[in-house]
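The values are calculated or read from the model by the stated rules, or taken from the named source; none is laboratory data. Nothing here was measured: the structure is a model prediction, and the numbers come from that model. Cβ coordinates were reconstructed from backbone atoms using ideal geometry, including for glycine residues, and neighbour counts include every protein chain displayed. Note: areas computed on protein heavy atoms with side chains; ligands, DNA, RNA excluded. Shrake-Rupley method; radii C 1.70, N 1.55, O 1.52, S 1.80 Å.
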Amino acid sequence: MNTDELIRTLAEDTRRVTDAGAWRVAGALIAGGFVALLAIDALFGPPLRAVAATGVMVFAVKLAYAVSMTAVVASLLLVAGRPGQRFGLRYLWLLAPPLEVAAAAAMELGIASPHARAALVLGSTWQTSLISVVAMSVPVFAALIWSFRRLAPTRLRLAGCLAGLCSGAMASLVYALYCTETALSFLLVWYSLGMVVPGIAGALLGPRVLRW
């Protein structure tokens, strides 16, 4: 085998490993999300009933924010699972969805009366939202940790943090099917916090649960 053939073989092996890792992470997100859906369904009943109250557009915005954050963090998580890979400017991807929602939320607060702003941020279900998202992130986080058995993360705290963020984003996606809130300010604060809390927990747990 000459040098060119060896390089092509190594590149094909790398692509196969990358594809396998991507499928494992995707499978973990689906499996963990399904468990979370079963859990919240037992508490709140069938999904999508809130859409009649919030409207399709509000529901679509919440869903888009959760889906985009899940996709962005999952892509970063795959990079963290492979030794020698560099993030480069990929970290900036994390800022795009929150900044877009923050811009819209700022406009919402700007046109609201001062006494109505607190209600826009807190809504009537902020505690339920935060607790539900954090609780539902647990099965997703467990599934993601399982998916990392075939990967080889070297920055365990970072990988744990990204796994936590990703699990929180997926849990937010599931919760969006039940959320009755309509304010973008609520979405920005409580959905984001529901991702950050598992991310902090993941950073603390990463060195223990991802050691290989």
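Structural remarks
- Between the helical axis of 96-111 and the longest alpha-carbon principal axis of the chain there is an angle of about 10 degrees.
- For the chain, a crude dipole built from +1 on the beta carbon of Lys and Arg and -1 on the beta carbon of Asp and Glu, taken about the Cα centre, is about 580 debye to the nearest 20.
- FRET efficiency for Leu48 and Ile200, using Cβ-Cβ distance with R0 set to 25 Å, rounded to 0.05: 0.25
- Within the accessible surface of the chain, defined with a 1.4 Å probe on protein heavy atoms only, the carbon and sulfur portion equals 70 percent.
- Size descriptor for the stretch 80-212, Kirkwood hydrodynamic radius: 15.9 Å (Cα pairs only, one decimal).
- The phi-based Karplus calculation (6.51 cos²θ - 1.76 cosθ + 1.60; θ = phi - 60°) puts the 3J(HN,Hα) values of the stretch 118-124 at 4, 5, 5, 6, 7, x, 10 Hz, whole numbers, x for Gly and Pro.
- Most mobile of Ala66, Ala80, Ala152 in a GNM of the chain (Cα contacts under 10 Å): Ala152
- The simple spin-label model puts a point 7 Å past each Cα toward its Cβ; for Met107 and Trp126 those points are separated by 2.4 nm.
- Principal-axis analysis of the Cα atoms of the chain puts helix 126-147 at an angle of about 10° to the longest axis.
- Simple spin-label estimate for Ala119 and Phe87 in nanometres, 7 Å along Cα-Cβ: 4.0
- Site pair Leu95 and Phe34 shows an inter-label distance of 3.8 nm when each label is modelled 7 Å from Cα along Cα→Cβ.
- For the peptides 93-106, 44-57, 134-147, 160-173, the ranking by mean Cβ contacts within 10 Å, running from highest to lowest, is 160-173, 134-147, 93-106, 44-57.
- For the chain, the longest principal axis of the C-alpha atoms and the axis of helix 3-44 are separated by about 30°.
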